[in-house]
Amino acid sequence: MTPKIVVYKALPQDVLDNLRRHAQVVELEGPPGHDRRALAEALGAALADADGAIGASIKVTPEMVARAPRLKAISTISVGVDNFDLADLTRRGIVLAHTPDVLTESTADTVFALVLSTARRVVELAEWVKAGQWRGSIGPEQYGVDVNGKTIGIVGLGRIGGALARRAALGFNMRVLYTNRHPNEGAERAYGAKRVELSELLSQSDFVCLQVPLTPQTRHLIGAAELRAMKRGAILINASRGPIVDEGALIAALSAGTIAGAGLDVFEHEPVSADSPLLAMRNVVALPHIGSATHETRHAMARCAADNLIEALAGRLTRNVANPEVLAR
Ligand code: 8YV
């Protein structure tokens with residue numbers, strides 16, 4: 001029987017056409033800027049008789065899944081799987097597929113863009129020029145700090161952390177420190193990366209880049225004490241997930257001059273509120289979660305996720321599975 005799948009994010013036409021060759025497709029996506037709560041409700045209802053689902057950016061709760069007796073696979077168009085209760089899906093034998101690898105390089109580019117733009121005050125000074133403030137030679141008030149030759153501390157040296165280490169070491173002659181559950185011997189060999197304790201990384205790095213997934217263990221990994229452990233001239237870069245940082249503590253640290261600046265692609269609540277104190281700080285570069293957002297990468301992610309779903313529903317998916325325990329059954 002042809003499986004029924006729910007699509008809860010707009011997909012490129014070729015990807016949608018491919019899905020339609022393998023399944024009966026129900027599309028839920030509204031126009032951009034849609035109401036996420038309404039979409040989540042529509043998804044919950046549509047899952048009731050679905051075999052599979054593909055999309056992103058909506059929390060899929062155990063309650064929604066409990067009302068979906070036929071559900072065999074969900075394919076998220078993201079590498080992060082924090083919108084799901086992995087243990088619950090595993091218990092129910094539902095495969096969760098995701099899209100690692102295809103977004104590694106564009107996301108590492110975003111992280112490095114934040115490193116450069118915070119260090120050299122690119123956004124602040126570009127706005128200054130546009131505001132007609134450039135009236136003579138620039139002076140120390142407009143100077144930034146060097147990136148070349150500095151120390152970068154990468155918290156979580158997985159795929160994206162590794163691509164970041166490559167940019168830092170080979171492109172910018174930086175010393176690379178990292179924390180990770182396991183040693184990353186490839187990065188140690190290729191980029192001279194050194195595995196240290198978080199406290200050492202924080203106290204030695206000029207740029208602290210957070211590259212860990214969001215789990216109960218990493219929520220608020222960076223709070224007031226960790227920010228205090230950083231150098232006064234250091235810059236915090238977060239393009240992973242907002243809740244890795246205690247945002248209240250970050251606001252306090254930036255206000256007090258405990259650290260020099262922050263480059264943020266993610267926030268505890270997204271979209272970040274227009275009246276967040278972070279947005280009024282000249283030493284904060286804030287981006288709207290653009291980590292993987294290039295035409296090429298978003299297309300590759302959609303294609304990868306669709307292929308994952310088709311394979312999972314056919315019982316053939318062996319890679320890109322976030323809960324591989326399900327396959328062992
Ligand atoms: C996307 C991401 O913003 O892959 C991830 O985990 O955070 C991003 O690539 C998001 O999932 C929307 O597709």
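Side notes on the structure shown:
- Antiparallel bridges, percent of DSSP beta bridges restricted to region 1-158 (to nearest 5): 0
- Toward the positive end of the charge dipole of the chain, with +1 on the Cβ of Lys and Arg and -1 on the Cβ of Asp and Glu, the farthest Cα among SER117, ASN308, ASN238 is that of ASN308.
- Mean-square fluctuations from a GNM of the chain, with a 10 angstrom spring cutoff on Cα atoms, peak among ALA119, ALA48, ALA224 at ALA48.
- Cα centroid separation, region 219-237 to region 288-329 (Å): 33
- Region 104-286, Cα convex hull volume normalised per residue, Å³: 118
- The C-alpha radius of gyration of the chain, expressed as a fraction of 2.2 N^0.38 Å, stands at 1.08.
- Peptides 81-94, 150-163, 50-63, 269-282 ordered by packing proxy, namely the average of other Cβ atoms within 10 Å per residue, highest first: 150-163, 50-63, 81-94, 269-282.
- Surface share of carbon and sulfur [accessible, 1.4 angstrom probe, percent] for the chain: 53
- The charge dipole of region 34-120, taken about the Cα centre with unit charges on the Cβ atoms of Lys, Arg (+1) and Asp, Glu (-1), comes to about 160 debye, rounded to the nearest 20.
- Top positive-direction residue, dipole computed over region 104-286 with Cβ charges, set ALA187, ILE138, GLY161: ALA187
- Accessible surface, the chain, averaged per residue in Å² (probe 1.4 Å): 49
- Each Lys and Arg Cβ is given +1 and each Asp and Glu Cβ -1; about its Cα centre, region 104-286 then shows a dipole of about 460 debye.
- Debye, to nearest 20: dipole size of the chain, +1 on Lys, Arg Cβ, -1 on Asp, Glu Cβ: 500
The values are calculated or read from the model by the stated rules, or taken from the named source; none is laboratory data. Bear in mind the structure is a predicted one, so any value in this text is a computation, not a measurement. Neighbour counts are summed over all protein chains in view; Cβ atoms, including those assigned to glycine, are modelled from backbone coordinates with ideal geometry. Ligands, DNA and RNA are stripped out before the accessible areas are found, and what is left, the full protein with its side chains, is counted by its heavy atoms. Shrake-Rupley method; radii C 1.70, N 1.55, O 1.52, S 1.80 Å.
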